[in-house]
Amino acid sequence: MAVILTASHLRKHFGPEPVLSDVSFQIREGDKIGLIGPNGCGKTTLLNILAGREESERGEIEKPNDVLIGYLEQRPQIAEGVTLRQEARSALEHLYAIGKEAEQIAERLANEQDPAEHERLARRFDRIHEELARKDAYNLDYRIDRILHGVGFTDEEFDRPASSFSGGELNRLGLAKLLLAEPEIMLLDEPSNHLDLAATEWLEQFLAASSAAVVLVSHDRYFLDRVTNRTLELYFGTVDEYPGNFSKYTMLKDERLLVQTRTYEKYVEEVEKAKDFIRRHHYGMKAGQAEDRRKKLARLEEEPVDPPRKISTPEFHFPPASRTGDIVFRVDGLSKGFDHPLFRDLTLTIERGQRWAILGPNGCGKTTLLKCLLKEIEPDSGEVYHGQGIKVGYFDQHLHLLDDALPVVEAIRPEKKIFEDLARRKLLGSFGLTQDQQLQTVASLSGGQRCRAALAKLSANDPNVMILDEPTNHLDLWARAALERAIRSFDGTVLFISHDRYFVDRTADHLLIIQPNARFQVIEGNYSTFRDRVAKGLMADPFLAGALDESRKNPANSAAGPVPQRKEPPKTEPARKNQPKKNPPKKKGSSKPSGPGAAPSRPTPPPVPPKRDYSRSEAQHQWEKELNAGKKAADGAKRKRKFPYRKVSDIEEEIFIRETRVMELNEELLKPEVVRDGEKMKRINQELNEEQEKIKLLYEHWEEASELNW
């Protein structure tokens, strides 16, 4: 692919040491580049130089004049008196202007009598038409709505004054404007900040399908894995390039580091041998050989081998946990709300040694739940019971654990425990705070340094139960990996909130999903388990706007819902031609995507009533009781036909055909050329909805035929 930007030997100082010393790389059409490096290494500075917001002291950037660069502003400037939709529309003002010019030329063409002028206007109209078609400018309003929805805005917010939104919401608006403008190169600095999970996943799909080149700075490893195809590692002022996404980078980095280490060790060994030989034989019979070694040493020192580019990783650790009772927290019928219910009738048990992650959309009450567990907030109803011998360490996302006025080495001193100065310094060193940083006041630390200091104090307090509210905020990729290792090796109990999907996947063994309608779901597994269940239609996605409707349609996935009236057919391999067909088809390996345009989930089979378990809500037990009572009452009742007689095998064949078509339509919706064609999107969505309705009726018909065709 063609090179659209070349950066050569960029250099930039902000102090005695250069932030960028010699940075060179190229950007090609369609590249998706992940720019990674430790905190403070100069990633944002490099993006500012590429965007023309800062000047480099040395080096140059070359690009064609028609290549536009878009930069995600963290604090966009908003004009007074404009609505959200109008502000988003301003990103496409040039296309609206071209469209208006096309209308004016069309009117002039209709009335122009001069052949030469008519020919000139026709050529100009053709060029404008090609430009509008290339930019998909005939569906601008649809594009605006789609992208505003994608970054998390609702229809009700479109006509609100843009100045009335919060800082985080304005950052989302800035992201929407950048995506609408579709420059040839997009520079994104932490674009998933302020986005909930649904919006983050939508942005991943949008960027992966976009034809624009992207340079992305992010601490979200899932995001990097799903979007990027090249990785630039910025460290000590220079850039190393790796093919592939973040996971590929970590594998190649280890291999490259091994080669660099061996090469450097061999170089050092040769230098030391030469120096030793010269020192021992400078005078004597081997003086000539010593002179040869001196020349060899001079050549080695003229072309030194760089030391390995090993990014130092802190070794976070938590002390061994004292033993608690088998049950750490027992929650019975817990409910809490303010202007609306956050969660209700929450019943669960957390046992010793488990690692629970709490997931849910923004504002669903995750932090409130933690404070109820700590008994800092009184619930509206229900009880929280603490197990025997628990010692809780709480990490709050605002880092109130530390006293801003104290030096760091004093701020982490635990109460009621003798902890000598040297031991505190060693502990801070293991969390990546060294030398002068330990003597700074807490108020003078950066966000990442404050986070490390708070984790060090948590470790100093010797907890056997850790409750962590967004512990990965402000931590770079290497510190997050160190925290993952520390939590996995901790033998106590951990309960945490995090938006870092990779972190949740690597550390959690239980999930508590809080849904927007105050319901909840308990899953034994990690984040991959959760996404797999959503993809297979086994539960509604609580991060999507339609999750509540899906929960009502599929009551088995909800903590409280209506009694299902249908029984699912047994799930076996799809029937094939010339063979008896007793079950509805199921295409192996298929998974129905969630969200708008997704195929509806199949009816859920009524579960066998489980034994009493505190990880299930009272509403679930009541639902199961009512379900079994309804089944018994219905036994023996004769069912009347709703549909005309039809062979079961014929219905199964049609279900198989239509579900295959639904999968094809969903794949069509993800293609870039379809995403850019508004009319085609509408046609496919219409056909998809029709197929879904027909499949729904076919399942009802199948149930009836299975029961009555005897």
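The values are calculated or read from the model by the stated rules, or taken from the named source; none is laboratory data. It should be emphasised that the depicted structure is a prediction, and the values quoted were computed from it without experimental measurement. In this analysis, Cβ positions are derived from the backbone assuming ideal geometry, glycine residues included, and neighbour counts consider all displayed protein chains. Surface areas here come from the heavy atoms of the whole protein model, side chains and all, with no ligands, DNA or RNA. Shrake-Rupley method; radii C 1.70, N 1.55, O 1.52, S 1.80 Å.
Provide the per residue accessible area, probe 1.4 Å, for the stretch 392-481, rounded to a whole number of square angstrom.
41
Work out how much length Arg134 to Asp66 would gain on full extension: take 0.36 nm times their residue separation and subtract the Cα-Cα distance, in nm to one decimal.
Taking 0.36 nm per residue and subtracting the Cα distance, the gain is 23.0 nm.
7 Å from Cα along Cα→Cβ at both Asp276 and Glu707: what's the point-to-point distance in nm?
Roughly 8.9 nm, to one decimal.
To the nearest 0.05, how large is the calculated FRET efficiency for Arg11 and Val268 if R₀ is 25 Å and r is the Cβ-Cβ distance?
Here the calculated transfer efficiency is 0.35.
Obtain the nm distance between the two label points defined at Asp332 and Thr83 by a simple spin-label model: each point lies 7 Å from its Cα along the Cα-to-C-beta direction.
The answer from the label model is 5.3 nm.
Using θ = phi - 60° and the Karplus relation 6.51 cos²θ - 1.76 cosθ + 1.60, list the HN-Hα couplings for the stretch 443-459 in order, rounded to whole Hz, with x at every Gly or Pro.
Listing the rounded values in order: 4, 8, 7, 6, x, x, 5, 4, 4, 5, 5, 5, 5, 5, 5, 4, 5 Hz.
Work out, step by step, the length gained on full extension between Val305 and Leu257: first 0.36 nm times the residue separation, then minus their alpha carbon distance; give nm to one decimal. Let's see the in-between values first.
Values: separation 48, 0.36 × 48 = 17.28 nm, distance 1.34 nm.
Result for the pair: 15.9 nm of gain on full extension.
Given a Förster distance of 41 Å, report the FRET efficiency between Val384 and His317 from their Cβ-Cβ distance, rounded to the nearest 0.05. Intermediate values should be presented prior to the final figure.
Details: r = 29 Å, r/R0 = 0.72.
Plugging the Cβ-Cβ distance into 1/(1 + (r/R0)^6) gives 0.90.
How big is the dipole moment of the stretch 181-251 about its Cα centre under a simple scheme where the beta carbon of each Lys and Arg is +1, that of each Asp and Glu is -1, and everything else is neutral? Debye, nearest 20, please. Working shown, then result.
On the way: 4 positive and 12 negative charges, 43 e Å.
Roughly 200 debye, rounded to the nearest 20.
Taking the Cα centre of the stretch 55-185 as origin, sum charge times position over the Cβ atoms of Lys and Arg (+1) and Asp and Glu (-1), and report the length of that vector in debye to the nearest 20.
Roughly 200 debye, rounded to the nearest 20.
Calculate, axis by axis, the spread of Cα positions in the stretch 292-399 along the three principal axes, and write the results as whole Å, longest axis first.
Computed over the stretch 292-399, the largest-to-smallest principal extents equal 87, 36, 20 Å.
Considering only the stretch 132-276, what is the antiparallel percent among its DSSP beta bridges, to the nearest 5? Please report the intermediate quantities before stating the final value.
Working: 6 of 11 bridges.
Looking only at bridges with both residues in the stretch 132-276, the antiparallel portion is about 55 percent.
Using the crude model of +1 on Lys and Arg Cβ and -1 on Asp and Glu Cβ, and no other charge, please compute the dipole size for the stretch 326-430 relative to its Cα centre, in debye to 20.
Numbers: 15 positive and 16 negative charges, 89 e Å.
Its charge dipole is roughly 420 debye.
Are there GluC sites (Glu not before Pro) in the stretch 291-354 that DSSP puts in a loop and that have at most 12 other Cβ atoms within 10 Å, and which ones?
Glu315
For Arg413 and Ser164, what does the FRET efficiency come to when R0 = 41 Å and r is the distance between their Cβ atoms, rounded to the nearest 0.05?
0.35
Mind listing the long-range amide H neighbours of Leu35? Cut-off is under 5 Å, sequence gap 5 or more, other chains count too, H placed in the peptide plane at 1.01 Å from N.
Those lying under 5 Å, H to H, from Leu35 are Leu216, Val217, Ser218, Leu232.
What nm value, rounded to one decimal, do you get for the distance between Arg661 and Ala287 when each label is placed 7 Å out toward the C-beta?
The two pseudo-label positions are separated by 9.8 nm.
I need to check one value: relative contact order of the stretch 259-389, counting alpha carbon pairs closer than 8 Å and at least 6 residues apart, in percent. Don't skip to the answer; put the middle values down first.
Details: 138 pairs, mean separation 30.8, N = 131.
For the stretch 259-389, the relative contact order is 24 percent.
Positive end of the charge dipole of the stretch 31-163 (Lys, Arg +1 and Asp, Glu -1 on Cβ, about the Cα centre): tell me which of Gly37, His149, Leu50 has its Cα farthest that way.
Of the options given, the answer is Gly37.
Under 5 Å between amide H atoms, partner at least 5 residues away or on a different chain: which partners does Arg28 have, H built in plane at 1.01 Å?
Amide H neighbours of Arg28: Ile4.
Considering only Ala290, Thr349, Ile311, whose Cα is most displaced toward the positive end of the charge dipole of the stretch 274-407, charges sitting on Cβ of Lys, Arg (+1) and Asp, Glu (-1)?
It is Ala290.
For Arg58, what residues show an amide H to amide H distance below 5 Å, using hydrogens built from the backbone and excluding near sequence neighbours?
So Arg58 has HN proximity to Arg11.
Compute the distance from the alpha-carbon center of the stretch 410-478 to that of the stretch 670-710, in whole Å.
If you average the Cα positions of each part, the centres end up 55 Å apart.
Residue by residue through the stretch 314-325, what is 3J(HN,Hα) from phi via Karplus (6.51 cos²θ - 1.76 cosθ + 1.60, θ = phi - 60°)? Round to whole Hz and write x for glycine and proline.
x, 9, 4, 7, 10, x, x, 8, 5, 6, 10, x
Just to confirm, what accessible area per residue do you get for the stretch 70-193 at 1.4 Å probe, in whole Å²?
52
So what J values fall out for the stretch 392-397 if you push phi through Karplus, 6.51 cos²θ - 1.76 cosθ + 1.60 with θ = phi - 60°, rounded to Hz, Gly and Pro as x?
Once θ is set to phi - 60°, the couplings for the stretch 392-397 become 8, x, 10, 10, 9, 5 Hz.
Given a 1.4 Å probe and every protein chain left where it sits, what share in percent of the accessible area of the stretch 378-535 is carbon and sulfur?
Ligands and nucleic acids excluded, carbon and sulfur reach 47 percent.
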